[in-house]
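Since the structure comes first, as structure tokens, the remarks are kept for the end.
Readers should treat all values here as calculations from the given coordinates under stated rules, not as data from a laboratory. Bear in mind the structure is a predicted one, so any value in this text is a computation, not a measurement. Glycine gets a Cβ as well: all are built from the backbone with ideal geometry, and neighbour counts include every protein chain shown.
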Amino acid sequence: MRSKWFLPAFLAAVLAPSAGGMIIDSSGNIIDWGITPFSQPNGSDIHSGSLWATIQNNYAPISYPGVGREPSPGVTRGGEQYDLEELYLRIQDHQVQLLVITSSAWSTQAWGNTVYLGDMFLTIDGQEFGIVTQQANAGLAQGAIYRLDSSGDTKGIQQQAGSYYNSTTLVANDYGPSATIPDIIGPWAVSGSIDPDQLLGTASMSWATYNYGGAENGTFILEYAFSGDLLGLLNPGDLTAQISWGCGNDVIRTDGPTVPVVPEPATVLLVAAGGTFVYLTSRRQRPIRGHWN
């Protein structure tokens with residue numbers, strides 16, 4: 001009897017869903033994505049079909065003063081706590097899915113303050129959207145998707161001791177000309193005072209933690225998933241995703257594919273019917289060639 005139940009029990013243990021419903025196997029492979037964090041070359045951008053990814057383990061796209069291009073205040077001095085390691089983006093059957101790999105779950109302590117993982121921000125042809133990561137950021141519902149119409153719809157990085165909120169030093173970065181760290185980070189959270197009419201829908205969220213060994217024990221894995229129709233993704237557009245920690249010490253960003261126009265069946269029928277009508281009308285109005293009696 002024991003052997004009869006051994007395999008189901010073993011599989012249940014190995015493929016057990018973590019908090020939020022994400023399933024990871026005994027090797028740390030994220031089943032639904034077919035991805036094992038820390039297995040890809042570091043510092044790489046991956047474009048494969050509908051999957052786009054940025055791999056930046058222990059690397060920050062901002063050259064921090066006195067630290068350089070690694071999570072401030074340096075990997076060996078605590079920066080690993082706020083290390084955004086990998087970001088994945090894919091679009092499948094009009095569903096947008098984002099996967100974030102980071103070194104801490106939800107929040108961590110720094111300089112006597114709590115630092116929060118930020119909201120997810122998307123930009124499509126210049127229009128910005130925000131997905132609420134956690135209620136603690138601004139009191140909004142987790143997973144809520146908002147259209148961002150003005151700078152007042154977002155909050156900058158956390159204003160507290162140890163953050164880069166008041167930084168005025170121009171620093172080199174991977175995204176353009178030198179700018180201050182708050183400028184490079186951009187929005188960190190959706191504002192709690194945003195107009196409720198800008199709410200577009202809700203993303204489902206799944207998460208898990210996994211020990212990948214050494215400094216990567218306790219790695220936090222977070223997934224957002226939602227219908228692209230909420231953002232008008234039936235229209236062409238370059239999609240950029242970005243997330244940062246609230247103290248401004250790390251940011252990760254990836255660019256997604258141009259989304260093709262896929263006509264709905266009803267639209268195809270309507271266009272076909274219109275074309276047929278125009279054709280028949282033109283034939284009816286065409287002069288009849290012959291001789292008058």
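Structure values in brief
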| quantity | calculated |
| --- | --- |
| Which of 209, 169 has the fewest Cβ neighbours within 10 Å, and the rest in rising order | 169, 209 |
| Difference of contour (0.36 nm per residue) and Cα-Cα distance, residue 211 to residue 95 | 38.8 nm |
| Taking the convex hull of Cα positions in the range 17-261, its mean projected area over all directions (nm²) | 12.6 |
| Net length gained if the chain between residue 76 and residue 180 were fully extended (0.36 nm per residue, minus Cα distance) | 35.0 nm |
| Spin-label pair residue 69/residue 111, simplified geometry with 7 Å Cα→Cβ offset, distance in nm | 2.5 |
| Inter-centroid distance (Cα atoms) of the range 119-140 relative to the range 28-85, Å | 21 |
| Within-15-Å neighbourhood charge of residue 163 [Cβ basis; K, R +1; D, E -1] | -1 |
| Summed residue charge, Cβ within 10 Å of residue 189's Cβ, Lys/Arg positive, Asp/Glu negative | 0 |
| Convex hull projection area averaged over all views, the range 166-217, Cα basis, nm² | 7.3 |
| Net length gained if the chain between residue 230 and residue 197 were fully extended (0.36 nm per residue, minus Cα distance) | 10.5 nm |
| Of 137, 178, 196, farthest towards positive along the dipole that unit charges on Lys, Arg, Asp, Glu beta carbons give the range 122-198 | 137 |
